[in-house]
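Quick notes on the structure that follows.
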Amino acid sequence: MSDDPERWQLEGDSAELYERYLVPAMTLPWAVDLVERAGVRRGDRVLDVACGTGAVARVAAERVGDDGRVAGLDVNRGMLVVARSLKPAGAARIEWYEGSALELPFDDREFGVVLCQLGLQFFPDRLAALREMRRASTPGGSVAASVFTAIDRNPATHALSDALDRHLGEGASLAKRNEHSLADPEELRALFGTAGFADVRVETVARTVRFASAAEYVRIQFAATPVAALLADREPSARQRLVALVSADVSAGLAPYTNDDGLAFPQEVHVALATA
């Protein structure tokens, strides 16, 4: 896995597995929420920064219709390959760009709405990225970004991170814990203010996320997220043993959220909303 926190990579078919398993359970519901909070409407010009496999862009494309425009940008080529393969019906055509949030390949004032779902915390220079989003926004345009709240308010990630450190060594959970590295709402609000945005507000939102079981949640994390890199150099038997150990720990930690219907746990984010 790259040392560049903006370039957390999913290798091989991990991007496809991410789209298949994590987007329906996690990413898509948050995408619908973000697009709604940003007030995306028919005819809008929308940019999705750190678009991944394109969940936010696809939701936005359905909202703006043929009169609008949607562009998605990500540094991860594998994610963009999957994004390009998905063609939502009855929506605006989506333009896909490979590039960095720190140097957006767009003109000044090109978009009326700029969105960033669960990506801002990974950027190596968050302030620079926000300034780029503001530069690409029309005056008075809307910018909305979501980030995870504190890890101890997100029980599945917390349980998984503790289990990774216990069984794969201290620091094994760094990729998961970094997901929560911008958890202070005041820090988030201040970043937007320093970047020059007006009318900044931060809303904290919780949703229930469901999987068939805690073991399934762990298997998907090892298959479709950067956690997979922890097992890449291990023998198959060692991989199976470690996945079983981590699954057992996570299952125990998430027992309060498990019943006959499966696993249902709360997930919480901060959503920053601002005017360019």
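Going through T53, T27 one at a time, which residue ends up being hydroxyl-bearing (S, T, Y) and in a helix (DSSP H, G or I)?
Result: T27 is the single residue among T53, T27 that is hydroxyl-bearing (S, T, Y) and in a helix (DSSP H, G or I).
Any chance you could count how many residues in the range 34-59 are open to solvent by 20 Å² or more (accessible area, probe 1.4 Å) and touching a residue at least 12 places away in the same chain (Cβ under 8 Å)?
Within the range 34-59, residues that are open to solvent by 20 Å² or more (accessible area, probe 1.4 Å) and touching a residue at least 12 places away in the same chain (Cβ under 8 Å) number 9.
From the list A163, A198, pick out the single residue that is open to solvent by 20 Å² or more (accessible area, probe 1.4 Å) and of a type outside the set (D, E, K, R).
Only one candidate passes the filter, namely A198.
For the range 56-84, give me each residue that is hydrophobic (A, V, I, L, M, F, W, C) and closer than 17 Å to S14 by Cβ.
Scanning the range 56-84 gives V75, M79, L80, V81, V82, A83.
Only residues that are out of contact with any Ser or Thr (no Cβ under 9 Å at 6 or more places or on another chain) and crowded, with 20+ Cβ neighbours inside 10 Å: list them for the range 77-105, please.
A92, I94, S100, A101, L104
Condition first: closer than 22 Å to F211 by Cβ, open to solvent by less than 10 Å² (accessible area, probe 1.4 Å) and out of contact with any Gly (no Cβ under 8 Å at 6 or more places or on another chain). Can you find one or more residues in the range 60-73 that meet it?
no
Looking only at residues in the range 191-246 that are of a type in the set (S, T, Y) and at pLDDT 95 or above, which one is nearest to D261 (Cα to Cα)?
Per the criteria, the residue is S213.
Can you find, within the range 250-270, the residue that is nearest to R219 (Cα to Cα) among those that are in a helix (DSSP H, G or I) and open to solvent by 50 Å² or more (accessible area, probe 1.4 Å)?
Only one residue tops the list, namely A252.
Quick one: would you say L273 is touching a residue at least 24 places away in the same chain (Cβ under 8 Å), buried (at least 18 other Cβ atoms within 10 Å of the Cβ) and over 24 Å from the mean Cα position of the chain (by Cα)?
No; evaluated as a whole, the condition is false for this residue.
Taking the condition of being open to solvent by less than 40 Å² (accessible area, probe 1.4 Å) and of a type in the set (A, V, I, L, M), how many residues in the range 224-249 meet it?
8
The values are calculated or read from the model by the stated rules, or taken from the named source; none is laboratory data. Because the structure is a prediction, the values reported are computed rather than measured. Virtual Cβ from ideal backbone geometry, glycine too; neighbours counted across all protein chains shown. Note: areas computed on protein heavy atoms with side chains; ligands, DNA, RNA excluded. Shrake-Rupley method; radii C 1.70, N 1.55, O 1.52, S 1.80 Å.
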